[in-house]
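The values are calculated or read from the model by the stated rules, or taken from the named source; none is laboratory data. All figures in this text were calculated on a predicted structure; none of them were measured in a lab. Here the Cβ positions follow ideal geometry from the backbone for every residue, glycine too, while neighbour counts run over all protein chains shown. Surface accessibility is based on the protein's heavy atoms, side chains included, excluding ligands, DNA and RNA. Shrake-Rupley method; radii C 1.70, N 1.55, O 1.52, S 1.80 Å.
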Amino acid sequence: MGKPSRRKYGNRGRDQINIEQVNGNILLKSQETVRPPAERDLLVTVRQWVESRLEGQLHHAVRLNLHKETQPQQVRPWGMEVKVAIAQPSRLLSPETTIGQVFDQCAGRLLILGEPGAGKTTSLLDLALELVERAENNPQQRIPVLVDLSDWQPTTSQSASRRSGVTSRFRGASQKNLSESLPEQAPVWSIANWLAGKVRERYGVLPQQIKQWLEEKRLIPLLDGLDEVRPEYQQDCVRAINEWLKSDLRPRQVALCCRREQYETYSQKLELDGAVYLQDLTDEQIETFLAETNRNELKQSLVADANFLALIRRPLLLSMAVLAYQEIDPTQWQRATSAGDRLNLLLDAYVRRMLTQDTPSRAYRQRKIPSPEQSQKWLEILALELLQESETEFLIEQIETTWLSTSLQKWLFTIFAVICWGLIIGVICWRPIPALSFWGRFYRLIDLPQIGESSRFWLGFGIGSLYGLALGIDALKNLPQIESVLGGIQISLLSLKPFNFKEWRFKIKTLSVPNQGIRNLWRDAILIALTFVPLHTLIVCLVQGSASSLHYIVVNSLFIALLLWIVLGGGYICINHFIVRLSLYATNSIPWDYARFLNYSTERLLLQRAGGRYRFMHDLLRQSLAQRRIDTHPHLISSQVFFRCGESYRSMEQYDKALQNFDRAIELKPKYQWAIASRGETYCLMERYEEALQDFHRVIELNPKDNWSIASRGDTYRLMERYEEALQDFNHAIELNPKDDWSIARRGDTYRLMERYEEALQDFNHAIELDPKDDWYRYLRALVYLVLQQAESAEADLNIAIQIAQQKHTEKPENCQNTFNLALYHLVVGNLSTTQELYQTTVEQTTFQAKIRDAIQDLKDLLRVFPENTHAQQMKAMLEMKLKLH
């Protein structure tokens, strides 16, 4: 028998195998393959980045194998048909089990959970390093790419989905999240495109190559910090990831990490194959750590204090405690009443210890080291800027006008921009214009009038000053005292500002040294000068037939090269970047040599450096320093930061703190509609309806056509039983948007409460036509049918509502709002055992008091119609008891 031919594939031979027949047996042998050069380069870059991150970990010297517990109930494997929602029990893994083995046991689709400082990121880095080693040994193995999720955002603006932020009382909107207002494929592409951009930014890969790898599923995305996404986007991020994991671009293997407490608040679980929870350190592990770091003298002190022992059961905090224990004030420690207060004391002590140690600095060898107070101030400013931009990594190149937080800084920037750009354009007009006029006359294109040197300079200075003024106005426009004055000027000068500061976030192939992007642009200036000046000088001399004015020609060529660099070579980026940094330096907000200070902070184990990127040692440290800046300098914080903090506190049902942040946001920006509306929603959740009405009134005054705010005010009136005013608002909202099914259904419910049943039926019919899959609309219509004694119609609606809600429950059993609805439908139908089971199960699982209050309110509404329903009374009493216990 002849030698069998080889089967050919279109994937560069990665999956090719030799098939040989020996004594009638088929043997499969892996073919020796060579990884393509682009993949080899990526592997090298990933290894370097991961190793530098691991070396920068505070506790890298003593690596503890963290105890792990599988928690399969935290994920919902995609493709698994769930008929009975019975979660598998948690299981402790043996201490020798590595994170790579856990990854393999979960078919390469893993969620890593843990508390702050428990080692989630370190575990993800360990997994990345293990996967890199596998890929280096086997070209067929996929390549891991570790990226941060913190800056992920949906592909639509928040204004387009204003209903997403509505409170749970506004039922139609509360069941819809931001991403549900997007096209079906938008969440998928938001993750895929975002991932491609992050891989390009971090590892310097061409976009076409990344696209090919994603299509061929050659990458293993390792996504860090789901809990660090902006609070208002986290639920949407989970949904987008799930949609991505079901799309054609889904990866074969993926891992994510998130704080457990935050993850358990999400209404939807990630569709992965397994989850692992990193447990706290045991006493034995703590003693091992102290022994291997030669700090046995601390053993008795640390272990004797029960509060301190509870705090240091996570690797990061244990490492900080070993270094900073002596810096903690015992009096303040005894006064601390909560774990959060004690954590802040530990973080403050750690920062002081690191900034006051006497060890020499390589960054400041022959120079004076900044004082601890000055260094901490600069670190607080850096932490706050990262918080405002929802970034975890920092590039010096990304310093822009958003860093200008005080009016003094903004005015300095305006003055510097006017002077700097005036001089630059003035000098350019002073020298190169004659040369340009020469070429214009030579080609008979233009014949510029002869203008004196002084006039040319002042003409250019005026043009440059106007451009600098436009930049300054863009920075000054948010100052309340001049916002109205500058509005018209900004419009008239906007055409003179051809570049936007947001374009500063340019990307280059790789960032291996600090400020490399700006350095590369200065290098380009030199290359342009060395190339253009000799060539231009030679051409002019040949055209003139004489080199008698060589000096004059060379000088003109230099200025023309400067003009080309500014316009085409990115020179404007360097100049504007320099002006911003000069303004910050003049107000002592950053050091002159920022890279030196960042390297010094890295030596002091406050920052980590990977190439040209810096990040804080842990997000806890970033949050602590940023919060310290907010507490000590609240007047320097932007309204957007307070708004995001308020949204986050409201999602955690910490309403008083949410109101404080919304108040501060509105104080800074009195016409901040989102903050005013969100404060109104918070008041509704607190049942402070009069104050909620005031906020909705104010939003509607600012934007009379905001149908969302009008409908929200109408629903507030409905809750206050002011039905006529509610009807006026619902009518107005429906006029503005005739297809607003939520407002139509709310108006119908108002008619129902007013016992105007025929009008209620008309609205419910219309709402169901617009959204046939909304189970709540059918339930409300069924109540009207029951009052009108149309039992068959009511039964039909309730059965359909149960089917829709049951399908949602099968897909998302963790959605407590839907489960409460399903229990209510079964109660009305008479399925009492199912009702009781659903209510009890949901109450035990949910941590949201607002959801329980909504369920109680729904039962009250039912009892208004059927006051003799004893089962509804029992369920209401049970929920009220649970609410008291919460």
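Overview of results
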| item | result |
| --- | --- |
| Pick from segment 605-648, criterion hydroxyl-bearing (Ser, Thr, Tyr) and in contact with a Ser or Thr (Cβ under 9 Å, 6 or more places away or on another chain), ranking: modelled with the lowest pLDDT | Ser638 |
| Matching option when the condition is open to solvent by less than 60 Å² (accessible area, probe 1.4 Å), at pLDDT 80 or above and more than 28 Å from Ile573 (Cβ to Cβ), among Ser371, Ser437, Ser465 | Ser371 |
| Wholly within segment 534-641, helices (runs of 4 or more DSSP H) carrying at least 1 residues that are among the basic types (Lys, Arg) | 571-586, 594-603, 619-632 |
| Strands (runs of 3 or more DSSP E) contained entirely in segment 212-299, each with at least 2 residues that are surrounded by fewer than 21 Cβ atoms within 10 Å (Cβ to Cβ), at positive phi and in contact with a Lys or Arg (Cβ under 7 Å, 6 or more places away or on another chain) | none |
| Verdict on Phe696 being of a type outside the set (Lys, Arg), in contact with a helix residue (DSSP H, G or I) (Cβ under 7 Å, 6 or more places away or on another chain) and within 25 Å of Val865 (Cβ to Cβ) | no |
| Residue satisfying all of: in segment 105-124; among the aliphatic types (A, V, I, L, M) and touching a strand residue (DSSP E or B) at 6+ places or on another chain (Cβ under 7 Å); modelled with the lowest pLDDT among these | Ala118 |
| Test: Pro187 is modelled with pLDDT under 85, in a helix (DSSP H, G or I) and crowded, with 21+ Cβ neighbours inside 10 Å | yes |
| Hits in segment 796-838 (condition: out of contact with any Phe, Trp or Tyr (no Cβ under 8 Å at 6 or more places or on another chain), surrounded by 20 or more Cβ atoms within 10 Å (Cβ to Cβ) and among the hydroxyl-bearing types (Ser, Thr, Tyr)) | Thr819, Thr835 |
| Matching helices (runs of 4 or more DSSP H) fully within segment 670-756 where at least 3 residues are open to solvent by 70 Å² or more (accessible area, probe 1.4 Å) and more than 24 Å from Arg781 (Cα to Cα) | 689-702 |
| Residue match in segment 303-325 (condition: modelled with pLDDT of 80 or more, touching a helix residue (DSSP H, G or I) at 6+ places or on another chain (Cβ under 6 Å), open to solvent by 10 Å² or more (accessible area, probe 1.4 Å) and not aromatic (Phe, Trp, Tyr)) | yes |
| Single residue of Leu827, Leu788, Leu832 found to be free of Cβ contacts under 8 Å to residues at least 60 places away in the same chain, within 17 Å of Asp854 (Cα to Cα) and more than 40 Å from the chain's Cα centre (by Cα) | Leu827 |
| Within segment 713-740, tally of residues that are in contact with a Gly (Cβ under 7 Å, 6 or more places away or on another chain) and charged (D, E, K, R) | 1 |
| Residues of segment 89-102 satisfying the condition of being out of contact with any Asp or Glu (no Cβ under 8 Å at 6 or more places or on another chain) and closer than 18 Å to Leu146 by Cβ | Val102 |
| Odd one out for Asp854 among (1) open to solvent by less than 60 Å² (accessible area, probe 1.4 Å); (2) of a type outside the set (Phe, Trp, Tyr); (3) farther than 29 Å from Gln262 by Cβ | (3) |
| First in segment 712-725 and among the acidic types (Asp, Glu), second anywhere and surrounded by 16 or more Cβ atoms within 10 Å (Cβ to Cβ), Cβ under 6 Å, 6 or more apart | Asp715/Phe170; Asp715/Arg746; Glu725/Tyr717 |
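Each row is one residue, and each column tells you yes or no for (1) of a type outside the set (S, T, N, Q); (2) in contact with a Pro (Cβ under 7 Å, 6 or more places away or on another chain); (3) assigned to a helix (DSSP H, G or I).
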residue: Ala321; (1), (2), (3): yes, no, yes
residue: Thr331; (1), (2), (3): no, no, yes
residue: Thr337; (1), (2), (3): no, no, no
residue: Gly340; (1), (2), (3): yes, no, yes
residue: Arg353; (1), (2), (3): yes, no, yes
residue: Pro360; (1), (2), (3): yes, no, no
residue: Leu379; (1), (2), (3): yes, no, yes
residue: Leu387; (1), (2), (3): yes, no, yes
residue: Glu397; (1), (2), (3): yes, no, yes
